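The values are calculated or read from the model by the stated rules, or taken from the named source; none is laboratory data. These figures come from a predicted structure and were not determined experimentally. In this analysis, Cβ positions are derived from the backbone assuming ideal geometry, glycine residues included, and neighbour counts consider all displayed protein chains. Quick note on the areas: whole protein, heavy atoms, side chains included, nothing else; ligands and nucleic acids left out. Shrake-Rupley method; radii C 1.70, N 1.55, O 1.52, S 1.80 Å.
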Amino acid sequence: MLQPPSLKLLGRYNAGQCDSTSELWQVLVRRGWWLWAQCPGLGVVRLRQLQQLATASEVDLEALWHWPLPKLSASLAWPQGVLLAVDRHRRSCAARQTLAIPDQVILPMDDSWPEGFRRLERPPLMTFWQGDQALLPLLSAGEAVAVVGSRRASRHALQAAELLGRALARAGWPVVSGLAEGVDASAHKGCLAVGGQPVAVLGTPLNRAYPAEHLNLQARVAQQGLLLSELSPGARVQRSSFARRNRLLVAIARHVVVVECPEGSGALLTAEAAVRQGRSLSVMPADALRPAARGSNRLLREGAQPLLDPESWVAGLGMGPLATPSGVSTTPENNGVSARANPLEHHDPALLALLDDGASLPQLAHALQRSSVALAEDLVQLELEGVVVAEPGMRWRLA
């Protein structure tokens, strides 16, 4: 029979100094934490109180699990309702007679637990994952970029988010987002399109998709990248669940980018979390007269870094952790050949020739015999791709 860990060992664990290579210790701590973390009404504060009680009593968390209710009640200053709920849960677990921890769950004492989670004021008790486990060490080191924005994004914002997702994936960066409709989904679609590895932090359990029409997109992310959620299968989803996941999304990223959002948007909560957690925050400027962009434009006024061109911004980041030694990612789209080797080859050569020395919109419309509206759309697309640069007086030139 396994003996309880010593007081010294428990003390080292509570101080974050325990040797994680000890298999016995790992089994004991994981099993005890898993049992208590599933109890109703217990969060990180009460789990820490249990750890302190275990240390003081020279037992492990699993031994504490078997204490009778009167002994627990005398040792913990918890509301009686919480203690009764815990006791009911313990009896239901005893009826199932299982201590099995799912393979696809990571706990705070695991090596793959993201370092950013440890620094949170309210870290998750456990995190469920589905997909490529090899991405977990990268997220633990914060080697990823988060892209967030409005659910009701403009066409321009959706296009910009997709281009950013593509550029990040080509450079070898995992693209993190919340898989919400709008900007989140567009960034993930862009990443998927070039064979990148997206990471979705969900506000639902892994076996649910929200919105429901993202079921296929969520499955593609799981197949090509990684899904994460702090909610166990079957857990109740509340409106606050989506706000709480923002702190996790930021905790696994080095940089956070906001692409268009109104005041009151959840993306602003993510931006606030980025500032609190000391992450780099960049914002794509948007139409000053558009209400849907007032939140993100306010972030620029408050000092966020403007992101004017996805390709140039990503180039400034450098190659990500998923890049090949040659710096060229082999993807279904480019088959190992750089997709940016010739950024002009897919565009109208006559238009590009006129832009070589710069030209105004009226000049282009007259020379090409095309409508100004159609040309303006093409020029915006070229600007987003970093091919042209806009200048005062409605003029453009090749970048």
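Key figures
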quantity: Criterion violated by VAL221 - all others in (1) out of contact with any helix residue (DSSP H, G or I) (no Cβ under 7 Å at 6 or more places or on another chain); (2) touching a residue at least 60 places away in the same chain (Cβ under 8 Å); (3) among the β-branched types (Val, Ile, Thr) satisfied; calculated: (1)
quantity: Unmet requirement for ARG208, which otherwise passes all of (1) assigned to a helix (DSSP H, G or I); (2) touching a residue at least 24 places away in the same chain (Cβ under 8 Å); (3) open to solvent by 20 Å² or more (accessible area, probe 1.4 Å); (4) over 23 Å from VAL387 (Cα atoms); calculated: (1)
quantity: Checklist (1) at pLDDT 90 or above; (2) hydrophobic (A, V, I, L, M, F, W, C); (3) closer than 21 Å to GLN197 by Cβ applied to ALA323, failing item; calculated: (1)
quantity: Matching residues, region 254-267, being within 22 Å of VAL314 (Cα to Cα) and either in a loop (DSSP other than H, G, I, E, B) or open to solvent by 10 Å² or more (accessible area, probe 1.4 Å) (or both); calculated: ARG254, HIS255, GLU260, CYS261
quantity: GLU162 vs. criteria open to solvent by 10 Å² or more (accessible area, probe 1.4 Å) and without any contact (Cβ under 8 Å) to a residue 60 or more places away in the chain; calculated: yes
quantity: In region 52-80, residue nearest to ARG30 (Cα to Cα) [restricted to those that are touching a residue at least 40 places away in the same chain (Cβ under 8 Å) and open to solvent by less than 50 Å² (accessible area, probe 1.4 Å)]; calculated: ASP60
quantity: Any hit, region 342-358, residues being over 21 Å from ALA161 (Cβ atoms), within 28 Å of the chain's Cα centre (by Cα) and either crowded, with 19+ Cβ neighbours inside 10 Å or modelled with pLDDT under 85 (or both); calculated: no
quantity: Selection status of ALA141, of a type in the set (Gly, Ala, Ser), open to solvent by less than 20 Å² (accessible area, probe 1.4 Å) and in contact (Cβ under 8 Å) with a residue 24 or more places away in the chain; calculated: no
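Quick grid of which residues meet (1) without any contact (Cβ under 8 Å) to a residue 40 or more places away in the chain; (2) assigned to a loop (DSSP other than H, G, I, E, B); (3) in contact with a helix residue (DSSP H, G or I) (Cβ under 8 Å, 6 or more places away or on another chain):
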{"position": "ARG245", "(1), (2), (3)": "no, no, no"}
{"position": "LEU249", "(1), (2), (3)": "no, no, yes"}
{"position": "LEU281", "(1), (2), (3)": "yes, no, yes"}
{"position": "LEU299", "(1), (2), (3)": "no, no, yes"}
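For every residue, the table says whether it meets (1) at pLDDT 95 or above; (2) closer than 23 Å to ARG208 by Cα.
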position: LEU42; (1), (2): no, no
position: THR55; (1), (2): no, no
position: ALA94; (1), (2): no, no
position: ASP110; (1), (2): no, no
position: ARG122; (1), (2): no, no
position: PHE128; (1), (2): yes, yes
position: ALA141; (1), (2): no, no
position: SER150; (1), (2): no, yes
position: ARG155; (1), (2): no, no
